[in-house]
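The values are calculated or read from the model by the stated rules, or taken from the named source; none is laboratory data. All of these numbers come straight from a predicted model, not from anything done at the bench. Don't worry about glycine lacking a Cβ; one is built from the backbone with ideal geometry, like all the others, and counts go over all protein chains shown. The protein model used for the area step is the full one, side chains on, heavy atoms only, and it has no ligands, DNA or RNA in it. Shrake-Rupley method; radii C 1.70, N 1.55, O 1.52, S 1.80 Å.
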Amino acid sequence: MVNYLIRRIFQMAIVLFFSAAASYALLNLAPGGPLTFLTSVQRRLNQEDIARVRAYFELDLYLPFRFSRWLAGQPQGPIIVGGQTYLADFVVGCRRPIEVQVRSSSGKIETRTAGCQAGQNVTLKDLVGRRSSKGVIFGDFGNSWQITRDRPVSIVVLSRLPRTLELMVISISISILIGIPLGVYSAIRQYSSFDYVVTSLSFFGSSMPTFFFALLMILVFAITFKSFGWVYLPPGNAESIKDYVIPFIGAVEAGTLLDKFLHLIMPVTVLTLFNVAGWSRYIRGSMLEVLRQDYVRTARAKGLIERVVIAKHALRNALIPFITLVVFSIPAAFGGAIITETVFNWPGMGRLYFDALGRTDYPVAMALLLITAVLTVIATLLADVLYTVVDPRIRLS
Amino acid sequence: MRNHKHAMMALAFVTIASILLAACAPAAPVEVPVTVVVKETQQVNVEVPVVQTQIVEVQAPSYSKPHPILSDLKVRQAIAFCTNRAELIQSVYTWLPADQQANLFMDTNIPGVSWAHYTGPETTKYDFDAAKGMALLEEAGWSAGADAPAGTIRSNANGDRLSLKFTTTTAAFRKTWSAVFVSQMKACGLEILALYAPASWWFGSSTGLRHRDFELGAYAWVGETDPKGQTLYACNQIPTAENGWAGQNYMGWCNKTASDAINAANNSLVRADRVAQYKIFQIEFTKDMVSLPVFQRAEGNAATLDLINFRPSATEYFTWNADQWELADGRDTLVTGQSQEPASMYTVVESSASQRFPAQLVFGTSTTQVDYDFQASQANLATVESGAASNNDVEVKEGDPVVDSSGTPTDADGNLLTLTAGLKIKTADGQEVEYAGGAVTMKQLVVSYTWQDGLTWSDGEPVVQADFELAYKNDCDPTSGAVDYSLCQSIQSVEFNSDTEYTVTYKPGYQAALYFLPPIGYYPSHQVLSDGRKLNDVPTAEWASLKEIAETPLGAGPYILTNWEKGVKMEFVANPFYYKGEVKIKNITISFVQDTQQAVAQLLTGEVDVLDSSTLGAGDEVQTVLDNQDILQVHIVPSATWEHIDMNLNVP
């Protein structure tokens, strides 16, 4: 087991490295970025202005060195061994690339770089004194480009994380509490009226677009109910900014537990409906499969009461594949729900990721991608370990 | 052994990855692996050095021949007369009351409320008159035949159909009014072939509009308090293959009177002279009808009925008069919704609208631009007319620092310009010349900017001369994080005269129309940071990452920013030391609400009290707030953005 874990952790490190490298390369090679934004709003830029902005965002360094500084905070300058300086003139980037405009075979005119202008190379010695993060492997995600310009990424991520965890943990917990019994009962009462109703609701929940359902809830339970003078729900945010009055409930003070609870109802309902729809179907299918097994028939033949057969013999086995679903909700819990958070203006990680991509804040986007990648590989490992706990037949070696 | 094998495999993986990543680095500039280099698309001042081993010139269209249909003034005027702009406005703003739809109507290139607008008797009016339009087409030789039914496409004596290509974007808004325009033209016997192109092509750097690839083309300009216009209408601003498609006079319109007038209007410093020149321009512009102004877009702003003195303007941020706001119901907290969150409160690195709203609360305003004009908030505008500025003749010789004829202080490489042979400059009499040597006389601006007495930081300390000096030192430092230093580079010297006044001597040749706006603000030089340092002693490069600058800056405006919860809200309290006296609303909170529908829902349920046009927009949500005027005040403002149809006078 120990060997297995060591091997898996080593594999995880490799997967994370490639995952981070691929994500970093994709984001940085994609069109756009801070320079495009700035040149579009500033029309009077000269070459020096552009070079300065490129250097500010480290875009003057070649991708591998940029990645290396983001990952491990290196290189920071020439290599110094025993007082001797090595590779001081080693080229790691270019302040002013040569740009040519070319017509591609499709007839489109594109601007491409073709080397570096004379005397404009960036060498290792030019990196001395430049600001740089310590590297993500040391817990430093660097500074934000846009969302909180020049302030640490960790500040904005940590400010959003509790909100997302609050929303996701509650909705996932409720989904499990509702989804499992529904699935089990549907399987036991297959083709009954109850099963048909649950199946229909499941299809409704799975097929209803989240954003539409969310908007519908806001329209009905916030705007319409309020206009009729009925008990209504706040349309969005995690808590109110000012106090308010709800008919029959009375004055609600902003920031209190009641205020937070009222704000949670709609986003949790949307997420729960979506999760329950899928998970109850999954459990139902898994239960039906198990109920047909010989050992269940044997248990019944032994004269065990049906409740014991279901709870002890069938459900425990039916839940094994469900572990995969549950553990993979861990990265989801941290990553947030982009659409639901955006529609309900929930200040969580999902909305932050959406913002980061929209505003080309790659350090923030990379931090979120990396956190998700780390949690995903951990979840995978956790699932494998949990299999051995719930199923004695599985041995890890 | 087995673990060792895995370790070796992992090492191999890492090595391969390193090689792959290293391969991403550009190769040495030995040769450009392309065969075609297109010498087109000269963008602004960014010179593109081209190094290549092989050049194949691409034959680009020169657009030198007159358009067979649109070069005829009668046809262009006929199009204008046949256009029922009220109907076009109605098609996209069905939710707007008729009287407010009329406010969107545009008759020249300058909005009606602007100080530079002119529609006197000398201008040509194009009120909808289809009969007049059809008569003009008849006169121009385009006939539908005596007994032809209405809507028959006209043709000329050669049998050519009166047919024009109409290009615009795929935006639903434009498609809607364009469809009405097409039917209006058909009613006059003019066939319009509508082409709805992707914005990436229509506004591409080397396609569509930039290369004048259209006959009739619809898009929008954004008007400003200073109307400018030189780059849009002057004769030397016609994009052609020969000039690398520089300029934005996409119509190819060259009317010497209009061109001289727009150049003069853009380069004079005296308001009266500018008004006179804009008048001449608008007379010519309407007469030649090369670009048909269609309408200004509508912007919606909404607030709770309790808010007093809420007065949004198309050319100013809605918080411009927050110090005059008041809540009728006596509440002491106001919540405004804002779709975009600012990146920083440090104005040097963040100047978006989302930052201007809170910045106006914290820093106040030195000059506002309400309703297309300038108002000094703290002292008089530093204009030539007020005596605060003088535009002197100075003699300059080779090697002296100057600004070139386009108003640029540096060359394309970013080096500061000095007077050298070949440099294009403007002489004191306004002529553009190429400097050949010797002494020349140029204009030099000297402006004294005076600030209001009594300016006080929100910690109670008065604003002093050292604060202005710190701002000049910091903002013009190349490590400040700013993108554009052209204003700093245009300054020859600054003399700080007192705690409320400084005098800027600009380099000879600097003649910017907005010279009266203060180029230097102030920072609290006395402020002690959390790490014990005084702001005055902190290196400029660090400023952008300082919490005291980026998140909770000290200001002299009506409010103090006390808390900024990222992604959620910014909280402000009244500044007790505000020089105009303490404000009536004690607390303002900006709530960040990204989605417009969510923002409207919060407005209707009372979670937020104010939504300005940048959050409310001009879509169906405006209809929603208009339907709730029993609980909301709604201000529909004609936007600075205006739609128009350009007519290309040339063909390749």
Solvent-accessible area buried by B and A, counting both chains, probe 1.4 angstrom, square angstrom: 6300 Å²
Given 0.36 nm per residue, what is the gain on full extension from residue B:187 to residue B:439 after removing their alpha carbon distance, in nm? 84.4 nm
Counting partner chain Cβ atoms within 10 Å of every residue's Cβ in A:91-102, what's the average? 5
In square angstrom, rounded to the nearest 10, how much accessible surface does residue A:217 have for a 1.4 Å probe? 20 Å²
In whole angstrom, the spacing between the Cα centers of region B:537-551 and region B:284-315 equals 38 Å
By accessible area of protein heavy atoms, probe 1.4 Å, what ranking do B:646, B:129 get, highest first? B:129, B:646
Which of B:132/B:228; B:424/B:473; A:260/B:569; B:132/B:175; A:226/B:584 exceed 22 Å between C-alpha atoms? The answer is B:132/B:228; B:424/B:473; B:132/B:175; A:226/B:584
Using the heavy atoms of the protein chains and a 1.4 angstrom probe, tell me the accessible area per residue for chain A in square angstrom. 47 Å²
Just to be sure I understand: with springs between alpha-carbon atoms less than 10 Å apart, which residue in A:192, A:240, A:206 has the highest mean-square fluctuation in the Gaussian network model of chain A? A:192
DSSP H segments from chain A that extend 20 Å or more along their own axis, Cα-based, with Kyte-Doolittle mean of -1.0 or above: A:2-29, A:153-188, A:193-207, A:257-291, A:362-390
In a shell of Cβ-Cβ distance under 9 Å around residue B:421, excluding residue B:421 itself, what net charge do Lys and Arg (+1) and Asp and Glu (-1) give? -2
Out of A:337, A:365, A:311, any idea which swings most in a Gaussian network model of chain A, alpha carbons joined below 10 Å? A:311
Ordered by residue, what ³J(HN,Hα) values in Hz, to whole numbers, does region B:210-222 give under the Karplus form 6.51 cos²θ - 1.76 cosθ + 1.60, where θ = phi - 60° and Gly and Pro are x? 4, 9, 6, 8, 6, 10, 10, x, 10, 6, 10, 10, 10
So, with +1 on the Cβ of K and R and -1 on the Cβ of D and E, and no other charges, what is the size of the charge dipole of region B:381-506 about its Cα centre, to the nearest 20 debye? 360 debye
Of all accessible surface on region A:42-144 at a 1.4 Å probe, what whole percent is carbon and sulfur? 54 percent
Sum -39500 (n - 2.57) across every DSSP H segment of at least 4 residues in chain B, then divide by the residue count to get the 222 nm mean residue ellipticity, nearest 500. -7000 deg cm²/dmol
More than 41 angstrom apart: percent of Cα pairs within chain A: 36 percent
For peptide B:591-599, what's the mean number of Cβ atoms from other chains within 10 Å of each residue's Cβ? 6
At 1.4 Å probe size, put A:80, A:178, A:323 in order of accessible surface, largest to smallest. A:80, A:178, A:323
Put a dot 7 Å past each Cα toward the Cβ at residue B:194 and residue B:580; how far apart are the dots in nm? 4.6 nm
Listed by chain and number, the residues whose amide H is under 5 Å from that of residue B:299, excluding neighbours fewer than 5 places away on the same chain and using placed H, are B:637, B:639
Charge dipole (debye, nearest 20) of region A:154-390; +1 at Cβ of Lys and Arg, -1 at Cβ of Asp and Glu: 740 debye
Ranked by GNM mean-square fluctuation in chain A (Cα springs under 10 Å), the top entry among A:307, A:281, A:131 is A:307
For residues of B:397-406, the mean tally of beta carbons on other chains within 10 Å: 0
SASA check, residue A:297, accessible area w/ 1.4 Å probe, all protein chains in place, rounded to nearest 10 Å², comes out at 140 Å²
Where in region A:240-254 does accessible area fall by at least 50 Å² between the isolated chain and the complete protein assembly, at a 1.4 Å probe radius? A:241, A:242
Along region B:141-146, what does the Karplus equation 6.51 cos²θ - 1.76 cosθ + 1.60 (θ = phi - 60°) give for ³J(HN,Hα), rounded to whole Hz, x for Gly and Pro? x, 10, 10, 9, x, 4
Note to self, chain A gives a 222 nm [θ] from helices alone (DSSP H runs n ≥ 4, -39500 (n - 2.57) apiece, / all residues, nearest 500) of -18000 deg cm²/dmol
For chain B, the percent of accessible surface on carbon and sulfur atoms (probe 1.4 angstrom, ligands and nucleic acids excluded) is 52 percent
Using the crude model of +1 on Lys and Arg Cβ and -1 on Asp and Glu Cβ, and no other charge, please compute the dipole size for region A:42-144 relative to its Cα centre, in debye to 20. 280 debye
Which lysines, on any chain, are close to residue B:547 with Cα under 16 Å apart, when same-chain ones fewer than 8 places away are left out? B:534, B:566
Using the heavy atoms of the protein chains and a 1.4 angstrom probe, tell me the accessible area per residue for chain B in square angstrom. 41 Å²
What are the membrane-span-like helices in chain B by this rule: whole DSSP H runs, Cα extent along the axis at least 24 Å, mean Kyte-Doolittle hydropathy at least 0.0? B:2-22
Apportionment of accessible area to carbon and sulfur, region A:154-390, percent (1.4 Å): 72 percent
